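The next block holds one structure in the form of structure tokens; read it before the comments.
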Amino acid sequence: MPKIVLFNKPFDVLTQFRPDGVRPTLAQFIHDPSLRVAGRLDRDSEGLLLLTDDGALNARITQPRQKQFKTYRVQVDGLPTEAALQALRDGVLLNDGPTLPARVSAIDAPDVWPRTPPVRFRAQLPTSWLEIEICEGRNRQVRRMTAAVGLPTLRLIRVRIGDWTLGDLQSGEWREVAARQKG
């Protein structure tokens, strides 16, 4: 039976097991050498990371042609206009080409763990939250998409990969799930 681990990656943790100077890595949290990361999260992103010892499952999750949807909760600088939201839904032009259409909505601030260090706060500029679902995985794609419509990302939390969800896992926590039970 393949192993599947859901991990809530904290801010500033590298998505790798090998040491990298003083930066924390997955090795500080998970001690199973059979597991491989299925996809990545940037050092400054948080949330759901899926690890497995099943190469075929890993390929299904990470291959672009599989169109595996991933859901993010994104805190942005400013208030989104309907035009900005529609631009994200239609797909925006980035320096490496247009994105596929995304599922996007403005949401109330989610109940999430505090981040260390905290997101910068500027009293003169309001922040808001978006939920964004994409099926691509370009480098820093969500951050580049929100910046392209004038809403720079302050905090990015992945909450879903396909059928697997973050659920109630707190930052730095993980749990193994059965292959048939997806989150």
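Some values worked out for this structure:
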| item | result |
| --- | --- |
| Vicinal HN-Hα couplings computed from phi for segment 131-139 (Karplus, 6.51 cos²θ - 1.76 cosθ + 1.60; Hz; Gly/Pro x) | 10, 10, 10, 10, 10, 10, x, 5, 4 |
| Straight-distance crosslink candidates among aspartates and glutamates, where the alpha carbon sits under 12 Å from Lys70 and sequence neighbours closer than 8 are dropped | Glu131, Glu133, Glu136, Asp163 |
| Cut-off under 5 Å, modelled amide H: who pairs with Ile107 long-range | Trp129, Leu130, Glu131 |
| Taking Phe17, Phe69 and counting other C-beta atoms within 10 Å, the order from fewest to most | Phe69, Phe17 |
| Centre separation in Å (Cα based) which lies between segment 125-144 and segment 80-122 | 4 |
| Cα centre as origin, Lys/Arg/Asp/Glu Cβ charges: the chain dipole, Debye | 340 |
| 10 Å binning of all Cα-Cα separations within segment 69-161, expressed as whole percents from 0 upward | 16, 54, 26, 4 |
| Dipole magnitude of segment 69-161 about its Cα centre (Cβ charges: Lys, Arg +1; Asp, Glu -1), debye to nearest 20 | 380 |
| 3J(HN,Hα) from dihedral phi, segment 103-115, Karplus parametrisation 6.51/-1.76/1.60, rounded to Hz, x for glycine, proline | 8, 9, 8, 7, 10, 5, 4, x, 7, 10, 5, x, 9 |
| Sites Ala27 and Leu94, calculated FRET efficiency, Cβ-Cβ separation with R0 41 Å, nearest 0.05 | 0.80 |
| Spatially proximal aspartates and glutamates relative to Lys9 (Cα-Cα < 15 Å; intrachain offsets below 8 disregarded) | Asp42, Asp44, Glu46, Asp168, Glu173, Glu176 |
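Values in this text are rule-based calculations from the coordinates and carry no lab data. Bear in mind that the values here come from a model prediction, so they are computed numbers and not experimental data. All Cβ positions, glycine included, derive from the backbone under ideal geometry; neighbour counts span all protein chains shown.
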